[in-house]
Amino acid sequence: MIDARGEWWRETLDRDWVRLTLVFWAVVSIWFFAQDWNQVRWLSLGDTDDNMRLMQVRALLHGQPWYDLRQYRMNPPAGFDIHWSRLVDLPIAALILTLRLFTSNSWAERIACGIAPLLPLSVAMLGLSATVRRLVSPYAWPLALVFLMGTSATMLMFLPERIDHHGWQLAMLSLTVAGLCDPRDSRGGAVVGLASAASLTIGLEMLPFSAGAGAIIALRWIWDRQEARRLSAYALTLGGGSAVGYAGFASYADRVARCDALTPVWLSVMIAAGVLLFVLARVGPASRIVRLALAVIAGALIVAGFVHFFPQCLGRPEQVSPELERNWLSNIREAKPIYQHPLRIAFPITVFPVIGVIGAAVAAWRARGAGADRAVGWAAVALFTAFAVAMLFWQARAGPGAQLLAVPGAVALAWLLVPRLLGSGSMLIRVFGTVAAVVVISGAFVGLTMGMLKVDPPSAYTKRVNYASGNCVRTTILAALNRYPAQTVFSFIDLGPRLITITHHDAVAGPYHRNGPAILDVQHAFGGSPLQAHAIMARHGATLLLVCPNMSESTIYRARNRGGFYDQLAHGRTFDWLTPLPLPRGSPLRLFRID
């Protein structure tokens with residue numbers, strides 16, 4: 001029997017789940033902020049996209065027009081267009097403006113970059129809690145939060161200083177899965193539609209997940225005619241939300257038919273999909289076969305229209321040249337399938353999503369005799385999680401989303417097994433069996449296994465390259481360049497965003513496909529002859545050359561272009577048009593004046 005105290009806890013977990021989830025989020029946020037204080041203090045934006053996001057916010061606060069997302073400090077004087085939107089800029093800018101009232105602009109930026117990634121974490125926690133409450137038990141949501149904390153790839157996107165858009169897109173994904181299993185049809189459809197529209201407004205990385213969610217809602221309607229209200233709400237909010245997102249956030253550069261952002265291309269697709277799905281929901285024939293046929297026809301119309309009106313988007317959405325795709329885009333690690341990554345990376349990312357699929361499938365099977373809402377909800381979650389796992393075999397960047405979607409299935413598995421183990425007559429099973437089950441289901445065994453077996457450890461060479469790559473972008477290291485007057489610096493592609501964030505200098509290139517011609521210029525300069533390098537630097541108006549020996553990008557130039565300009569420079573050859581400039585003792589950088 002449950003005593004009064006136990007009943008009180010059950011009532012509290014059920015009644016106050018939103019408040020308690022936010023309390024948990026606040027405690028975790030304070031802990032993360034304190035743990036990562038050194039990163040906050042030194043503005044350690046470790047990823048190139050985080051640095052560029054801050055530069056985008058700075059430009060907005062310095063008066064750059066709302067719809068002008070051109071980064072003028074990269075490839076000056078023309079600059080280049082960023083394919084993001086300003087939606088994610090808003091909370092960062094709001095934090096900076098608020099913190100300016102109490103401290104300097106420099107500290108306001110640092111603290112804002114520490115807090116901003118934690119904001120979408122609250123949304124992700126609420127979305128997962130809602131899903132688990134609906135499908136597992138009103139009292140199971142704390143377990144979902146604990147399992148979420150163990151998702152290595154997912155939680156990396158919410159850590160302080162990780163200010164790029166991935167955290168917000170994961171938050172929208174958590175709302176999407178919550179909407180898919182919402183027993184209230186109209187609300188569930190609207191949540192999925194709005195979350196998908198917001199995610200597309202932010203960027204196209206989650207487009208496959210949004211398409212998968214839409215397909216699941218259509219399948220629910222095909223199977224059950226009573227799902228028409230869910231489909232109608234989804235159709236209206238998807239089309240309408242995408243239109244609002246385009247009107248409010250699409251940059252000047254995205255007013256043309258480009259394929260890499262919410263431009264007229266994808267806006268047309270979303271509106272057409274919304275209209276067709278709404279018509280299907282309103283018509284709603286009684287026959288399941290007829291509904292399936294109509295859905296197939298609607299999908300065929302959308303595909304045919306896309307092929308006819310936007311044939312340029314049938315290939316890669318980045319629309320880069322074959323040379324750039326071959327030499328750069330195809331070599332981006334996160335864009336490669338998970339099986340092309342080392343085991344020490346692939347195994348931790350993949351295991352928990354597989355556990356989530358198993359748990360969701362078991363829960364869906366067990367729910368077939370329960371209420372229809374729970375059975376269909378679990379079927380939707382199982383399909384969505386399986387789709388996320390399949391995405392890993394296309395691109396490893398699906399890992400954070402796959403791990404997040406695995407949480408409900410893992411919680412269902414633990415909720416099923418742990419009580420049985422605890423109820424065993426054997427003390428060994430009650431103690432060690434329960435611990436083993438939790439360690440396995442949560443995926444915690446992965447870290448233990450990798451540590452004990454030392455699976456696929458990084459080589460000494462890899463460690464040296466990673467050390468150089470991290471050391472050269474340190475704030476204190478790059479800030480020393482500010483002793484020289486502001487000018488254009490020719491440097492590695494991956495150094496560009498960090499360089500313009502920490503120093504007053506401009507850079508030539510950054511790792512962004514719309515900056516493609518400048519990326520190729522940097523590659524040609526470092527890989528070609530010294531004469532060619534000098535000509536390219538002069539054409540870009542660069543007066544300083546900055547390199548970081550042993551940085552990962554530098555090793556590519558040396559390996560691919562033996563005898564090229566950078567290979568000669570790395571081997572100590574001097575050039576009469578390069579003059580070494582002094583930097584603080586111990587600096588890993590090498591700086592030259594270009595004459």
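The values are calculated or read from the model by the stated rules, or taken from the named source; none is laboratory data. Remember, it's a predicted structure, so these values are computed and weren't measured experimentally. Quick reminder, even Gly has a Cβ in these numbers, built from the backbone with ideal geometry, and neighbours come from all protein chains shown.
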- Query: Within the bounds of segment 370-382, is there any residue that is more than 27 Å from Gln319 (Cβ to Cβ), touching a Lys or Arg at 6+ places or on another chain (Cβ under 8 Å), touching a residue at least 24 places away in the same chain (Cβ under 8 Å) and among the β-branched types (Val, Ile, Thr)?
  - Reply: yes
- Item | Among residues of segment 273-283, those that are surrounded by fewer than 17 Cβ atoms within 10 Å (Cβ to Cβ) and not β-branched (Val, Ile, Thr), counted | 1
- Message: So, restricting to helices (runs of 4 or more DSSP H) that lie completely within segment 1-108, which ones have at least 2 residues that are touching a residue at least 60 places away in the same chain (Cβ under 8 Å)?
- Response: 4-15, 17-35, 37-41, 48-61
- Item | Residues (basic (Lys, Arg) and surrounded by fewer than 22 Cβ atoms within 10 Å (Cβ to Cβ)) located in segment 247-262 | Arg255
- Of those in segment 220-234 that are closer than 17 Å to Ala178 by Cα and modelled with pLDDT of 95 or more, the residue surrounded by the fewest Cβ atoms within 10 Å (Cβ to Cβ) is Arg229
- Does segment 529-537 contain any residue that is within 33 Å of the chain's Cα centre (by Cα) and surrounded by fewer than 20 Cβ atoms within 10 Å (Cβ to Cβ)? no
- From Gly541, Gly563, Gly572, grab the single residue that is under 30 Å from Gln56 (Cα atoms) and either surrounded by fewer than 22 Cβ atoms within 10 Å (Cβ to Cβ) or in contact with a helix residue (DSSP H, G or I) (Cβ under 7 Å, 6 or more places away or on another chain) (or both). Gly541
- Task: Please give the number of the condition Tyr557 fails out of (1) within 30 Å of the chain's Cα centre (by Cα); (2) touching a residue at least 60 places away in the same chain (Cβ under 8 Å).
- Result: (2)
- Note on the structure: Considering segment 166-217, residues that are among the acidic types (Asp, Glu) and outside any helix (DSSP H, G or I), and then whichever is surrounded by the fewest Cβ atoms within 10 Å (Cβ to Cβ), we arrive at Glu205
- Item | Complete set of residues in segment 539-595 that are within 10 Å of Phe526 (Cβ to Cβ) and of a type in the set (S, T, N, Q) | Ser554, Asn561
- Message: Just the residues that are within 23 Å of Trp84 (Cα to Cα), touching a residue at least 12 places away in the same chain (Cβ under 8 Å) and in a helix (DSSP H, G or I), please, taken from segment 318-330.
- Response: Leu324, Leu329
- Going through segment 144-158 in order, the residues found to be part of a helix (DSSP H, G or I) and either outside the structural domain of Val389 (by TED's automatic domain parsing) or among the hydroxyl-bearing types (Ser, Thr, Tyr) (or both) are Ser152, Thr154
- Query: Does Arg288 fit the bill of being closer than 22 Å to Asp182 by Cα, charged (D, E, K, R) and either in the same structural domain as Thr176 (by TED's automatic domain parsing) or modelled with pLDDT of 95 or more (or both)?
  - Reply: no
- Pairs returned, first residue in segment 171-193 that is without any contact (Cβ under 8 Å) to a residue 12 or more places away in the chain, second residue that is buried (at least 24 other Cβ atoms within 10 Å of the Cβ), beta-carbon separation under 9 angstrom, 6 or more apart or interchain, are Arg184/Arg230
- Item | Ile355 crowded, with 20+ Cβ neighbours inside 10 Å and either of a type in the set (A, V, I, L, M, F, W, C) or within 30 Å of Gly188 (Cα to Cα) (or both) | yes
- How many residues, within segment 319-337, are surrounded by 17 or more Cβ atoms within 10 Å (Cβ to Cβ) and more than 19 Å from Ile556 (Cα to Cα)? 1
- Report whether or not Gly179 is over 12 Å from the mean Cα position of the chain (by Cα) and either modelled with pLDDT under 95 or assigned by TED's automatic domain parsing to the domain that holds Thr48 (or both). no
- Query: Taking segment 492-529 only, how many residues are among the small types (Gly, Ala, Ser) and over 26 Å from Gly203 (Cβ atoms)?
  - Reply: 4
- Note on the structure: Taking segment 442-470 and keeping residues touching a Phe, Trp or Tyr at 6+ places or on another chain (Cβ under 8 Å), among the hydrophobic types (A, V, I, L, M, F, W, C) and at pLDDT 70 or above leaves Val446, Met450
- Failed condition for Val265, given (1) of a type in the set (A, V, I, L, M, F, W, C); (2) farther than 30 Å from Asp89 by Cβ; (3) surrounded by fewer than 22 Cβ atoms within 10 Å (Cβ to Cβ): (2)
- Which one of these is buried (at least 20 other Cβ atoms within 10 Å of the Cβ), closer than 27 Å to Leu231 by Cβ and of a type in the set (A, V, I, L, M, F, W, C): Ala390, Ala293, Ala402? Ala402
